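Q: This is the structure, below, for whatever I ask next.
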Amino acid sequence: MSTLALRRAEPAALPFVEGALNYLAPSNDRPFTLTYEPDPGQPRTNIVNATHVMPIHDLRPVADTLSLDVEGFALVNAPSAVRDFYDEDELKRVYYPEAERIVAAATGGARVFVFDHTVRRRVWGSEDRSPGAPRQPVGRVHVDHTDRSAPQRVRDFLGAEAEALLKGRMQIVNLWRPIRGPLRDAPLAVCDARTVAPEDLVLTDLVYRDRTGEIYSVRHSPAHRWYYAPEMLPHEALLLKCYDSDTAPGVARFMPHTAFDDPTAPADMLPRESIELRTMVFHPA
Ligand code: OGA
Ligand code: FE
């Protein structure tokens, strides 16, 4: 690690809570998960979790020093004019353009394209992606995109323009925020990308009915350094680097993250409500 890296976001002095994080257990099989109910008798996934209790440090005291390009995440103050995050039309009309501006400002990207969003609302006892239920927090360490699936998404969405755009630097950045707060139920833990080795990342198939996405599952390493923003409010947002085509040393490319249960959260906390929005960021070649 460089001297610069050591000066930034050193967790030693930061307050922390302990989180039981679900990593990928060692296995020789390529991991997969179906996003839908499989046919009877078919497994939905072959993934086995290995749970490791890790300190999750409060990032607030060092929030000013964090960046998408170094640690792979940042906390921004970004109030939204959206009145109803459950109104799909309002999201497209109001939230998408806001998000494009926030992500452009944070990355310096010349063009930002929102390609997807997910609203999650905790229903106790409900699994993620169960029919008829809202999307649930994801309590599994992962990275949303890989070297193969990130440019593939550009081709999927931007067709004829894709090859020209992919000649320049391209990033995938998520914008994540609670819809109400202070958020205590299932906050998002983010992992300093500098502490992640390439061999920690395991290619994993995310199988939809019409396509197969590729993500990373993550093997545990004691080197991982985890952070979270306690009690996030709706005017705050986390930016998450899910992919960067820039392979220069020191540039965060794949930032693992997961929801976790904060053991210090009160039993009567509000159920999580959050929205995450995925963007492609283009820098001209
Ligand atoms: C994401 C993500 C999980 C969650 O925004 O990419 O993994 O629980 N979110 O919000
Ligand atoms: Fe994710």
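The values are calculated or read from the model by the stated rules, or taken from the named source; none is laboratory data. Owing to the predicted nature of the structure, the values given are computational and were not obtained by experimental measurement. Every residue, glycine as well, gets a Cβ built from its backbone with ideal geometry; the counts of neighbours run over all protein chains shown. In case anyone asks, the SASA skips ligands and DNA or RNA and just uses the protein heavy atoms, side chains included. Shrake-Rupley method; radii C 1.70, N 1.55, O 1.52, S 1.80 Å.
Q: Yes or no: residue 159 at pLDDT below 95, open to solvent by 20 Å² or more (accessible area, probe 1.4 Å), closer than 21 Å to residue 239 by Cβ and away from ligand 2 (no atom under 14 Å from the Cβ)?
A: Against the criterion (at pLDDT below 95, open to solvent by 20 Å² or more (accessible area, probe 1.4 Å), closer than 21 Å to residue 239 by Cβ and away from ligand 2 (no atom under 14 Å from the Cβ)), residue 159 does not qualify.
Q: Here's a follow-up. I want to confirm something. Restricting to segment 239-259 and keeping residues that are among the charged types (D, E, K, R) and open to solvent by 10 Å² or more (accessible area, probe 1.4 Å), which single residue is farthest from ligand 1 (Cβ to nearest atom)?
A: Restricting to residues being among the charged types (D, E, K, R) and open to solvent by 10 Å² or more (accessible area, probe 1.4 Å), the top hit is 246.
Q: In this structure, is residue 205 open to solvent by 30 Å² or more (accessible area, probe 1.4 Å) and either among the acidic types (Asp, Glu) or on the phi > 0 side of the Ramachandran plot (or both)?
A: Yes; evaluated as a whole, the condition is true for this residue.
Q: Follow-up question, since we're still on this one. If you go through segment 57-68 one residue at a time, do you hit one that is under 28 Å from residue 251 (Cα atoms) and among the small types (Gly, Ala, Ser)?
A: Yes; the residues of segment 57-68 include at least one that is under 28 Å from residue 251 (Cα atoms) and among the small types (Gly, Ala, Ser).
Q: On to the next question. Consider residue 236 carefully, then state whether it is at positive phi and either touching a Cys at 6+ places or on another chain (Cβ under 8 Å) or open to solvent by 10 Å² or more (accessible area, probe 1.4 Å) (or both).
A: no
Q: Which ones in segment 51-65 are in contact with a His (Cβ under 7 Å, 6 or more places away or on another chain) and either surrounded by fewer than 15 Cβ atoms within 10 Å (Cβ to Cβ) or closer than 18 Å to residue 230 by Cβ (or both)?
A: If the condition is that a residue be in contact with a His (Cβ under 7 Å, 6 or more places away or on another chain) and either surrounded by fewer than 15 Cβ atoms within 10 Å (Cβ to Cβ) or closer than 18 Å to residue 230 by Cβ (or both), then 54 is the only one that fits.
Q: Within segment 111-149, track down each residue that is within 16 Å of ligand 2 (Cβ to nearest atom), farther than 27 Å from residue 224 by Cβ and touching a Ser or Thr at 6+ places or on another chain (Cβ under 9 Å).
A: 114, 115, 119
Q: A follow-up question, please. In segment 110-127, what count of residues is obtained for those that are open to solvent by less than 40 Å² (accessible area, probe 1.4 Å), of a type outside the set (A, V, I, L, M, F, W, C) and under 19 Å from the mean Cα position of the chain (by Cα)?
A: So the answer is 3.
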